[in-house]
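The next block holds one structure in the form of structure tokens; read it before the comments.
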Amino acid sequence: MPLWEPPPGYDDLLGDCDQNRGFTVMMVGGVGEVRMRRPGPDALGDLAMGNNPKATPEQRSYHSNRFVQQHLDDGELERILTGMVDGELPPDSVFRVGRVLATWGTARPYGAVVALAVLAGRHWRPVRALLLDKGVGNPMGLPSMHSILDVAEQAALDSFSSDEPQQDRLQRDEFTSSLYKPDQPDPVKGERPAVVVPEGFDDENSSASFDAFARAVR
């Protein structure tokens, strides 16, 4: 049994039931009220690249800022940046806003959302093939980016399949525990938490992880 298990799906269900895609006011810890709109599947690329451990710092910064900027109402980003410069808002305010955006409509912790986004980005071709096989011709037309993360997570779990069921179960439990470890309430001293991509699915094990996904898709 994994140390950390996926949370119940009530928040995800409520998120799917909420069809409002316009701007609305959301509370961001330490920042206050911010007018933003919920990210769709087309935001997944920026979220993945903004946390890609193999990208350059400039690339990660560009995509992280773009992920936030494209979902804020006019003038909100400038207001937040001004508050950061003036010391009225925390120095990691943009990250805090991004964390709320990334977890909007899901019960997954931020770390799980980011890890699955990086996982989906690294293995996008087999993930896309799996979606196509399920009849999803346009993944960007799905109602939520979390639908794509669901598929990536299930493909990863399905890849732990061999002639040793006990070992497979242990690997699935380890994967789930690493994925659903609770977030820290707030980053320490404005630093971003480390992104942990579960073992076997990172770029250091790219060949093995690609093969695992390919097996899951087949």
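The values are calculated or read from the model by the stated rules, or taken from the named source; none is laboratory data. On a predicted model such as this, the values are computed, not experimentally measured, just so you know. Heads up, the Cβs are rebuilt from the backbone with ideal geometry, glycines too, and the neighbour counts pull from every protein chain shown. For accessibility, only protein heavy atoms count, side chains too; no ligands or nucleic acids. Shrake-Rupley method; radii C 1.70, N 1.55, O 1.52, S 1.80 Å.
Brief remarks follow.
- 3J(HN,Hα) from dihedral phi, the stretch 19-34, Karplus parametrisation 6.51/-1.76/1.60, rounded to Hz, x for glycine, proline: 8, 6, 10, x, 6, 9, 8, 10, 8, 10, x, x, 10, x, 6, 9
- Kirkwood-Stokes translational diffusion coefficient of the stretch 98-139, alpha-carbon pairs, 25 °C, 0.890 mPa s, µm²/s: 215 µm²/s
- The phi torsions of the stretch 37-48, fed into the Karplus equation with coefficients 6.51, -1.76 and 1.60 and a -60° offset, translate into couplings of 10, 6, x, x, x, 6, 8, 5, x, 5, 5, 5 Hz, rounded to whole numbers, with Gly and Pro shown as x.
- Protein heavy-atom surface of the stretch 31-141, 1.4 angstrom probe: 49% of the accessible area is carbon and sulfur, with nucleic acids and ligands not counted.
- Rg and Dmax of the stretch 18-92, Cα atoms only, in Å: 13.4, 37
- Ordering of 99-105, 133-139, 48-54 by packing [mean C-beta count within 10 Å, highest first]: 99-105, 48-54, 133-139
- For residue 28, distant residues with modelled amide H under 5 Å away: 33, 34
- Average accessible area per residue (Å²) across the stretch 1-121 - probe 1.4 Å, nucleic acids and ligands excluded: 50 Å²
- Across the stretch 73-147, the volume of the C-alpha convex hull divided among the residues equals 121 Å³ per residue.
- Shown in residue order for the stretch 128-144 are the 3J(HN,Hα) couplings computed by the Karplus curve 6.51 cos²θ - 1.76 cosθ + 1.60 at θ = phi - 60°: 4, 5, 5, 5, 4, 5, 8, x, 8, x, 10, x, 6, x, 5, x, 8 Hz (x for Gly and Pro).
- Alpha-carbon centroids, the stretch 134-165 and the stretch 1-56: separation in whole Å: 18 Å
- Cα-projected label distance for residue 33 with residue 86, points at 7 Å along beta-carbon direction, nm: 1.7 nm
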